[in-house]
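Asker: One structure, as C-alpha cells, below. Some questions next.
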Amino acid sequence: MKSISNKTFDFVNHELEVDKIIRSKFNDSQMSNAKWKKLFMYLAHICPKAHAIWKFVGSDNDGVALTGLPEIDELEETFINHRFWFGPMYYKEIEWVSFPNVVKKRGFETVPSQNISQDTDFILSELIKIGHWPIEENANGFIIYGHR
C-alpha cells in the first residue's frame, strides 16, 4: 500500500518566513496579537454577522475572499483557530482587513448572488469607543492595517 504523504506543515518555519517577509516589505507593524484579539472579540459582540475582505502577508492577492469574522472561541493568544479556506492563521499574518459598505455575496447553483449593505459607520464608531486603530476610511468602507 502506498502512503499518501508523510509531509507535515512546519509551523516554526512558516512563522520564520512570515517574519522575514514582514521585515523586508513593511516599515511599520501597527497591530499586536493582543490588539487583533481585542478587535475581533469586540466585533463578535457588536456585529457577529459582519463580513470582511482579508489580505495576508505574502499573498499575491489584493484581498482574499469575502468572509465572516472569527468567533470568540477561535481567538487564541497568537493565532486565529479558524479554518478560513486553508487553515489557522497567525495574527501577524494579517496585512489588513477591509470592511466594505456593500457585500457582494456570490451565489451558487440555484441561489443568485446578492448585494447586502453593511453598516460600516456603526462598526467604525463602536471600534473608536474602545481603542485607537490603524484605520483608513475610503468610499467603500474602511480598512484596519496590521502592517504598512
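Asker: Just add up the charged neighbours of Asn101: K/R +1, D/E -1, any other residue whose Cβ is under 9 Å from the Cβ of Asn101.
Answerer: That sum, taken over residues with Cβ under 9 Å, equals -2.
Asker: In addition: Placing unit charges on C-beta atoms (Lys and Arg positive, Asp and Glu negative, everything else neutral), compute the dipole magnitude of the chain about its Cα centre in debye, rounded to 20.
Answerer: Here the chain has a charge dipole of around 220 debye.
Asker: Taking θ = phi - 60°, what integer Hz values does the Karplus form 6.51 cos²θ - 1.76 cosθ + 1.60 yield along segment 17-33, in sequence order, with x for Gly and Pro?
Answerer: Running phi through 6.51 cos²θ - 1.76 cosθ + 1.60 with θ = phi - 60° gives 5, 4, 4, 5, 5, 4, 4, 7, 9, 10, 8, 8, 9, 10, 10, 8, 4 Hz.
Asker: Using the Karplus equation 6.51 cos²θ - 1.76 cosθ + 1.60 (θ = phi - 60°), what ³J(HN,Hα) coupling, rounded to whole Hz, does each residue of segment 71-76 give in order, writing x for Gly and Pro?
Answerer: For segment 71-76, the Karplus-derived couplings read 7, 4, 6, 9, 8, 8 Hz, x marking Gly and Pro.
Asker: Something else: Give the cross-link partners of Lys49 among the lysines, using a straight C-alpha distance below 24 Å as the criterion and excluding same-chain residues fewer than 8 apart.
Answerer: Lys35, Lys37, Lys38, Lys92, Lys104, Lys105, Lys129
Asker: Given H placed 1.01 Å from N in the peptide plane, which residues other than close sequence neighbours of Gly141 have an amide H under 5 Å from its amide H?
Answerer: Asn101
Asker: Classify segment 94-148 as rounded, prolate or oblate, taking a ≥ b ≥ c as the square roots of the eigenvalues of its Cα gyration tensor: rounded when a/c is under 1.5, otherwise prolate if a/b is larger than b/c and oblate if not.
Answerer: Prolate is the answer for segment 94-148, as a/c is 1.5 or above and a/b outweighs b/c.
Asker: Return the aspartates and glutamates within reach of Lys25: Cα separation strictly under 18 angstrom, same-chain partners fewer than 8 residues apart disregarded; answer none if there are no such residues.
Answerer: Glu15, Glu17, Asp60, Asp62, Glu93, Glu95
Asker: Can you tell which of Ser24, Ser32, Ser117 shows the greatest fluctuation in a Gaussian network model of the chain with Cα springs below 10 Å?
Answerer: Ser24
Asker: Let me ask something else about it. Of Ile123, Ile135, how do they rank once you tally other Cβ atoms within 10 Å and put the fewest first?
Answerer: Ile135, Ile123
Asker: Okay, next question. What are the residues whose amide H is under 5 Å from the amide H of Leu75, where those residues sit 5 or more places off or on another chain and H is modelled from the backbone?
Answerer: Excluding prolines and chain starts, which carry no amide H, the hits are Asn81.
Quick note: the coordinates plus some simple rules give every number you see, no bench work behind them. All figures in this text were calculated on a predicted structure; none of them were measured in a lab. So basically every Cβ, Gly included, is an ideal-geometry build from the backbone, and we count neighbours across all protein chains shown.
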